1. How large is the Kirkwood hydrodynamic radius of region 146-293, counting all unique pairs of alpha carbons, in Å?
2. For region 317-440, compute Rg over Rh where Rg is the Cα radius of gyration and Rh is the Kirkwood radius from the inverse mean 1/r over Cα pairs.
3. How high is the relative contact order of region 303-433, in percent, counting Cα pairs under 8 Å that sit 6 or more residues apart?
4. How high is the relative contact order of region 531-607? Use alpha-carbon pairs under 8 Å, at least six apart in sequence, and give a whole percent.
5. Where does the chain land at 222 nm, in deg cm²/dmol rounded to the nearest 500, when only DSSP H runs of n ≥ 4 count, each adding -39500 (n - 2.57), divided by all residues?
6. Rounded to two decimal places and with Rh computed the Kirkwood way over Cα pairs, what is Rg over Rh for region 368-501?
7. Any idea what the dipole of the chain comes to, in debye rounded to 20, about its Cα centre with Lys/Arg Cβ at +1 and Asp/Glu Cβ at -1?
8. For region 529-573, what is the Kirkwood hydrodynamic radius in Å, using each pair of distinct C-alpha atoms?
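What follows draws every value from the coordinates through simple rules; no lab data is involved. Model, not experiment: these values are computed from the prediction. Here the Cβ is made from the backbone with ideal geometry for all residues, glycine too, and neighbour counts use every protein chain on show.
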Amino acid sequence: MINKKLLNPQSIAIIGASSDVHKPGGKLLKNLLESNFTGNIYVVNPKETEIQGVKCFAKTEDIPTVDCAILAIAAKYCVETVDILANKKQTRGFIIISAGFSEENKEGAEIEKSITDIINNVGGSLIGPNCTGFLNSNYTGAFDTPIPIINPQGVDFVTGSGATAVFIKEYGISNGLQFNSVWAVGNSAQIGIEDVLEYWDETFTAESSRVKMIYMEKVGNPQKLLKHASSLVRKGCKIAAIKSGNSSAGSRAASSHTGALATSDVAVDALFRKAGIVRCYNRQELATVCAVFMHPDVKGKNIAVITHAGGPAVMLTDVLSNNGLEIPQITGDAANELLSHLFAGSSVANPIDFLATGTAEQLGKIIDYCDTKFDNIDAMCVIFGSPGLFQNWDVYNVLDEKMNTCKKPIFPILPSIINVKDEIQDFIFNKKRINFPEECVFGNALAKVVNAPKPQPENIDLPKINTDAIRKVIENCENGYLGLKEIGILLDAAEIPRKQEIEVKTETDAINFARKVGYPLVMKVVGPVHKSDVGGVVLDVQNEETVIKEFNRLIKIQETTAVEIYPMLSGTEIFVGASSETNFGHQILCGLGGIFVEILKDVQSSLSPVNKDEAREMISRLRGYKIIKGVRGKEPVNENLFAEIITKVSALVQAAPEIAEMDLNPLLGTATNIVAVDARIRIEKNKLTEY
């Protein structure tokens with residue numbers, strides 16, 4: 001647990017304070033003095049006797065005991081200073097803004113570790129080093145600006161980049177977004193983003209902020225993030241996050257389809273989705289999503305677009321419609337009645353366009369009808385700017401009033417940030433409202449929020465499988481790809497239906513099997529990874545002559561150790577796979593199978609464990625879902641069985657975390673049955689994945 005003396009200190013020392021407010025030590029003190037802090041403030045600088053009106057001490061040894069210390073001194077002096085504070089001054093909260101630590105070189109990393117060890121030994125808490133600081137309702141311990149006006153129901157923001165925090169705050173504050181706390185964790189030597197999430201989760205009460213914002217450049221502890229983020233969302237919080245530094249598929253060598261598709265960034269996507277986090281990709285999007293979060297929940301997908309300007313309404317309608325939201329047509333007696341209150345030429349069909357000459361009174365009428373008389377509307381977006389011919393005070397006053405009284409959410413889009421600057425500033429800073437200045441940025445954010453994933457349940461039930469049989473295979477095999485026999489045992493133990501095949505090494509054995517099971521047959525090489533690429537797959541073998549001819553051709557293909565033969569099956573080719581990603585656990589993937597895995601890359605993924613509800617949702621998100629459902633008279637794939645196999649693969653990798661990569665590709669699916677036709681499983685015992 002984070003030490004309360006960091007969060008709510010009664011005394012604070014700034015080591016390296018300065019009279020120059022253009023230096024971090026000077027700006028730190030200025031921000032602290034201007035914050036809500038009412039406790040004792042001590043400053044240390046050997047060259048000064050008073051700084052910004054505060055008595056200055058020459059040495060850290062000279063100050064009284066102090067709860068929290070903020071260091072703005074060179075890295076090489078930090079170890080000794082922290083030791084004095086921790087062991088002689090009973091300091092338990094530390095913020096180190098100085099740079100020159102692990103982000104710079106090996107020596108800096110050693111200094112950082114020494115500092116962290118000292119703080120850990122006394123049960124203290126550290127933010128940084130190499131950070132801009134921390135602020136909450138108790139004090140401002142940061143050297144950057146802008147400093148937001150603190151609102152207990154504002155956004156809680158944690159970031160791995162102080163500079164990014166500055167730019168996000170600037171954009172958010174200028175549009176009315178309010179903050180409750182800002183944690184710039186820098187190098188995260190002790191407290192990282194996952195630790196802050198843990199603190200938010202474990203201290204959550206009815207009074208806690210419901211909106212959490214995250215900027216991260218690495219996921220240090222995925223399982224911890226998943227645990228606490230999903231817990232917060234289940235408690236009623238909303239979380240939006242940027243994870244920058246996306247990896248490309250080419251950054252790792254992978255021999256299976258699953259390995260090529262299951263990149264680190266795919267794992268991040270899966271992690272965020274499973275946690276219920278809305279993933280964003282830039283600062284503007286992150287701040288806008290959190291601004292949407294600050295409004296009442298949208299209970300459905302039917303949106304009214306209310307405007308006095310046609311173009312922005314059309315663009316917003318396109319964005320919303322293209323992202324799965326509906327702009328339903330409004331008709332009937334109530335619509336005709338509303339139209340009678342508007343100027344000639346207006347339209348209420350949706351978008352509701354009440355023309356450039358529309359009045360505040362008309363806007364109020366439109367909002368009232370959408371709120372109480374149009375049952376097919378769940379939320380309203382109001383676009384209202386000005387060409388510079390008139391002021392908008394009355395319009396924005398009505399908008400504010402209706403946002404107070406309406407049952408349905410209203411989102412204000414006020415684009416005229418120059419023409420009616422004063423009115424918008426009043427709307428934001430006096431009425432405490434949020435403005436969405438650009439309709440398409442807002443539309444994408446609203447769609448992300450409405451389509452936000454549900455977090456994983458607290459407890460996930462997986463199918464019962466034969467763990468003993470699975471562990472026996474794993475414990476007795478070597479690293480690398482398993483043989484057909486071992487794969488068969490694992491699939492049978494997980495109750496995954498599979499074809500009945502045989503490996504043959506002689507022409508005679510091939511002929512005998514063909515005579516036993518009949519035709520048509522499939523013949524494949526055993527050994528080469530991508531069989532089709534080397535001409536190692538033969539379908540629809542109809543007679544003994546072809547068996548002999550193809551066996552003798554296949555067995556000569558480079559790296560081939562045997563030929564696999566099995567009865568030919570039919571159905572839609574689908575795919576299920578698993579891949580171990582360091583720290584994340586196993587990704588479970590599904591999609592259309594065969595060569596389409598590589599060509600279309602139409603796959604969905606989640607992190608194991610995956611229950612049946614989540615598996616069905618993965619299937620439904622596939623772009624090729626209509627193929628699964630059956631199109632143009634083609635037989636559908638049994639979605640229930642497809643989902644069951646996904647959960648069984650999840651159960652299998654839970655029982656055998658040594659599975660590094662696994663492909664069931666293809667599975668052949670029909671309306672009544674799904675059978676694994678080809679499977680590859682690679683074991684890597686030195687890369688165990690903890691759950």
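1. 15.8 Å
2. Answer for region 317-440: 0.94.
3. 26 percent
4. Result for region 531-607 is 18 percent.
5. One gets -10500 deg cm²/dmol as the mean residue ellipticity at 222 nm.
6. With Rh from the inverse mean 1/r over Cα pairs, Rg/Rh is 1.43.
7. Charge dipole of the chain: 400 debye, to the nearest 20.
8. 11.7 Å
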